[in-house]
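All remarks here apply to the structure that follows.
The values are calculated or read from the model by the stated rules, or taken from the named source; none is laboratory data. None of the values given here were measured: they were computed from a predicted structure. For neighbour counting, all protein chains shown are included, and Cβ atoms are generated from backbone atoms with ideal geometry for every residue, glycine included.
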Amino acid sequence: MNNRLRNLRAERGWSQQTLAEKLEVSRQSVNAIETGKYDPSLPLAFRIARIFGLSIEQIFEDVA
Amino acid sequence: MFCQCDTAAGKRYRRDAQWLMLAYFIVLFASAWAVKHWAGHGVERYFWSVLPTIPIIGIIARMGKYLQEETDEYVRLLNMKAILAGTGALLTAVVISDFLRAFAKAPDFAPFVLFLCFAAGMAAMQFVQWLHNRVPANE
């Protein structure tokens with residue numbers, strides 16, 4: 001699954017650590033999601049979408 | 001040690017695991033001394049022999065509690081994979097040992113080797129995860 005997390009974070013000038021603190025996860029998790037190593041669960045995807053004020057579909061793209 | 005993560009649950013786990021390890025070493029030396037100097041045979045010797053396993057079982061139970069408490073789903077997944085790798089290594093060693101003993105009449109592994117297999121499997125997986133998940137410092 002592709003995502004725009006890195007771009008959205010960069011637009012806001014947030015570091016991975018800043019985003020990790022907002023999501024209450026580790027920086028390792030943010031990095032894994034950004035690099036496509038890990039697809040977040042639905043609750044975490046909703047939290048990400050809420051923080052950026054977007055819908056899940058605007059952040060994550062199903063490549064299948 | 002099993003969990004190197006800095007989440008709140010991970011910190012609580014590490015704190016408890018350190019206390020349990022301290023308890024383990026105290027009980028281990030006490031048991032070794034008792035068995036050598038005054039614990040005779042039978043039930044008393046069994047008691048002192050089994051006593052050091054209690055903190056170890058406590059650490060295993062604490063691992064389970066940690067996995068329940070961990071709220072960072074990615075970190076939890078990594079730790080579950082590490083435990084699975086350790087369990088896989090342990091079961092592989094047990095199966096090989098059992099067949100060697102059954103068919104080749106080979107001797108059993110030395111004491112504690114199987115636990116080392118579990119620890120080695122877990123450590124190997126954690127090393128692979130560390131290589132795979134290195135986070136650039138400037139992000």
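Would you confirm whether or not the range B:36-47 contains a residue that is under 26 Å from B:I83 (Cα atoms) and free of Cβ contacts under 8 Å to residues at least 24 places away in the same chain?
Among the residues of the range B:36-47, not one is under 26 Å from B:I83 (Cα atoms) and free of Cβ contacts under 8 Å to residues at least 24 places away in the same chain, which makes the answer no.
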Legend entry - Subset of the range B:36-50 [surrounded by 15 or more Cβ atoms within 10 Å (Cβ to Cβ) and either under 15 Å from the mean Cα position of the chain (by Cα) or under 30 Å from B:G64 (Cβ atoms) (or both)]: B:W48
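Please find, among B:W19, B:W33, the residue that is assigned to a helix (DSSP H, G or I), surrounded by fewer than 16 Cβ atoms within 10 Å (Cβ to Cβ) and at pLDDT 95 or above.
B:W19
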Inset, instruction - Filter the range A:25-49 down to the residues that are out of contact with any Asp or Glu (no Cβ under 7 Å at 6 or more places or on another chain) and farther than 24 Å from B:L131 by Cα, then identify the one that is surrounded by the most Cβ atoms within 10 Å (Cβ to Cβ). - result: A:I48
Inset, instruction - Answer yes or no: is there a residue in the range A:6-20 that is out of contact with any Phe, Trp or Tyr (no Cβ under 7 Å at 6 or more places or on another chain) and farther than 20 Å from B:P136 by Cα. - result: no
Legend entry - Hits in the range A:1-24 - residues which are among the aliphatic types (A, V, I, L, M) and either surrounded by 15 or more Cβ atoms within 10 Å (Cβ to Cβ) or in a loop (DSSP other than H, G, I, E, B) (or both): A:M1, A:L5, A:L8, A:L19, A:A20, A:L23
